[in-house]
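Colleague: What follows is a structure written as structure tokens; I'll ask about it next.
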Amino acid sequence: MSALLEVRDLRKHFPVRGGLLRRVVAQVKAVDGVSFTLEAGRTLGLVGESGCGKSTLGRAILRLQRPTGGQVLLEGRDLATLPPAELIAMRREMQIIFQDPFASLSPRRTVAQIIREPLDVHGIGTPEERARRVLELLDVVGMRAAVQDRYPHEFSGGQRQRIGIARALALNPKLIVADEPVSALDVSVRSQVLNLIAKLQRERGIAFLFISHDLSVVRHVSDQVGVMYLGKLVELAPTHELFTNPRHPYTEALLSAVPVPDPRRKAKRIVLAGDVPSPMNPPPGCPFHTRCPKALPYCSQAVPQPVDVGSPGRPHSVACHLYT
Amino acid sequence: MSAPLLSVRDLVIEFTTEQGVVRAVDGISFDVFPNETVGLVGESGCGKTVTGLSILGLVPRPPGRIAGGRIEFEGRDLVGLDESELRAIRGRDIAMIFQEPMTALNPVFTVGSQMTDVLRRYKGLSRRQARAAAIELLARVGIPAPDRRVDEYPHQLSGGMRQRVVIAMALSCDPKLIVADEPTTALDVTTQAQVLEQLVRLQEEFRMAMILVTHDLGVIAEACDRAMVMYCGRIVEQAPIEELFARPRHPYSAGLLASIPARVDDERRELPVIPGMVPDLLHLPPGCRFADRCGRRLARCDVEQPGLAPAGESRVACFNPVETPR
């Protein structure tokens, strides 16, 4: 199987300005050297706590934010070097679903206008064809045709998220970046939307980059899972492998911290000391060494590079000095 | 069992909206005993937060009002007390912890000055004693270098630290009851774990009762002795925590538990769902409010509202409750 998306050493730094002359005084390294590949029709889950750079990574891949360095290859073509006309064409192949279904849909447009917009923008089909496509898409996401003339405020969070998904599907993309797509939803509605995403992937072979802070959700939808900490991908492995055999001490702590919805199974918890350091002033060496229960003196000196600790055919990459 | 600390009876809370009067809480009754932690769980709009607020007389008025029922704290009805009487109870006997710590902290005062205010007013401490007490409280909630942190402003602290400060403030007058509304929801997973553990430990240390309002069944399972499940303004199930998770009786509780991805161990299986969605509070059905989404619906469910009735160790409001074999 060929890689649909290849991300190589991607970086996104934000300048911090200060002082009288608004000079650049520091850089926030929101994404700092992330590499991975995503095959067509598969889902890569990306987990991490707030500020770890997972959303920025999603946006940098789609070029909603211009990366500071590194490469993003979609079907082998480097998005940064494409001429503008071809970049626009490539954008059809990749779409995004946002977290907040209340902020990501224009309140002044009807459902039909919202879903049709990507078709309008890219000039696809005749008006009749577009109208037909809207009905088709509503059916795909499990909504009745009658809703097309209504406005977003008339819908609940779960239904709005379905509208957002229909819009993302309008151009038949090969890749969808889903940025916390179910975090704003209640438990009972969340599973409906998760099942819908799983079904779309199965039936349409869309690849997903599924960004979430919720490990249990990521576990449920992903083929492989990457864990981010302070702008770096610290571990990347097939889902089952990551959840049953985590190698990075941060992944271990993260997994043990999730409240278990079972009162009989009291978690053996690794409680981390302190808080995530500021990405503006990350610690030297391994970004996690300040909180790591297994840190060695060497960890504060050199940045660990990812190494493969997996078995043949099941790559498991971890960036930790314990394994180098 | 000893007498309840808090006794809520037939509580009704209404909100006036442009579209009409909404009953956010519709006749709920429950007790909270000393030293226990009771979870109040449900999805957005089920009335759990308003219930918590009402115990401290904090329901915004207007548009809200307590339209009926009693909230008895140590035998005294809090409904109808005036603001000065409520203020004497709030903070001292009953304290509240909110989801977003910045709503409870004043950004222009240091942590210390906000804490000593309370300590001086309610405990009559001198300035110096209050400062020492504040530092000790900060240490007890797990804030490193409390003698330095006490002079910092809220914005200098991380989210987890802020929530600890809020907890320290809530504890400062040794309350008998704490209402904690989603106290860890705004925090990251690893911080959430720290704060939740701290809260459980402090509840035991300070020998307080706690009402933990949350949407997260994982938090309920870890921290509570008992839980009450709310749906559309009513309590649909009350049960000891092991019982609720092992043998949920109400179809809604059972559906909620089944749809948590964490409880489905093998990856990529279709998640069980609760079909449909929560009815509009303005247009409630005459019968059971869950009937429309329920797989165990009977003809009776459409015409009659079930009340809470004993079922084993639980109490459940359902005409056709789920039977789980032991």
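Colleague: Of the residues in the stretch A:24-40, how many are out of contact with any helix residue (DSSP H, G or I) (no Cβ under 7 Å at 6 or more places or on another chain) and at pLDDT 85 or above?
Modeller: 10
Colleague: Looking only at the stretch A:219-229, which residues are at pLDDT below 90 and within 13 Å of the chain's Cα centre (by Cα)?
Modeller: A:221
Colleague: Are any residues in the stretch A:45-78 over 18 Å from residue A:175 (Cα atoms) and among the small types (Gly, Ala, Ser), and if so, which ones?
Modeller: A:48, A:50, A:51, A:53, A:69, A:70
Colleague: Examine the stretch A:174-183 for a residue that is more than 21 Å from the chain's Cα centre (by Cα) and either more than 19 Å from residue B:259 (Cβ to Cβ) or in contact (Cβ under 8 Å) with a residue 60 or more places away in the chain (or both), and state whether such a residue exists.
Modeller: The answer is no, given that none of the residues of the stretch A:174-183 is more than 21 Å from the chain's Cα centre (by Cα) and either more than 19 Å from residue B:259 (Cβ to Cβ) or in contact (Cβ under 8 Å) with a residue 60 or more places away in the chain (or both).
Colleague: Tell me, which strands (runs of 3 or more DSSP E) wholly within the stretch A:187-278 include 2 or more residues that are touching a residue at least 40 places away in the same chain (Cβ under 8 Å), within 11 Å of chain B (Cβ to nearest Cβ) and within 26 Å of residue B:44 (Cβ to Cβ)?
Modeller: Passing ranges: none, list empty.
Colleague: Here is a list of conditions, (1) part of a strand (DSSP E or B); (2) β-branched (Val, Ile, Thr); (3) out of contact with any helix residue (DSSP H, G or I) (no Cβ under 8 Å at 6 or more places or on another chain), and residue A:303 meets all of them except one; can you say which number that is?
Modeller: Result: residue A:303 passes all but (1).
Colleague: Condition first: part of a helix (DSSP H, G or I), of a type in the set (A, V, I, L, M, F, W, C) and surrounded by fewer than 19 Cβ atoms within 10 Å (Cβ to Cβ). Now tell me which residues in the stretch A:80-113 satisfy that.
Modeller: Correct list: A:80, A:85, A:87, A:88, A:89, A:90.
Colleague: Follow-up. Counting only residues that are charged (D, E, K, R) and buried (at least 19 other Cβ atoms within 10 Å of the Cβ), which one in the stretch B:24-51 is farthest from residue B:253 (Cα to Cα)?
Modeller: B:26
Colleague: Where residues in the stretch A:173-186 are among the charged types (D, E, K, R) and part of a loop (DSSP other than H, G, I, E, B), which of them is nearest to the other protein chains (Cβ to nearest Cβ)?
Modeller: A:186
Colleague: Filter the helices (runs of 4 or more DSSP H) completely within the stretch B:137-236 down to those with at least 2 residues that are within 14 Å of another protein chain (Cβ to nearest Cβ).
Modeller: It comes to B:159-171, B:189-205, B:217-223.
Colleague: Quick one: is residue B:270 acidic (Asp, Glu), within 11 Å of chain A (Cβ to nearest Cβ) and assigned to a helix (DSSP H, G or I)?
Modeller: no
The values are calculated or read from the model by the stated rules, or taken from the named source; none is laboratory data. Keep in mind it's a predicted model, so treat the numbers as computed, not measured. Glycine gets a Cβ as well: all are built from the backbone with ideal geometry, and neighbour counts include every protein chain shown.
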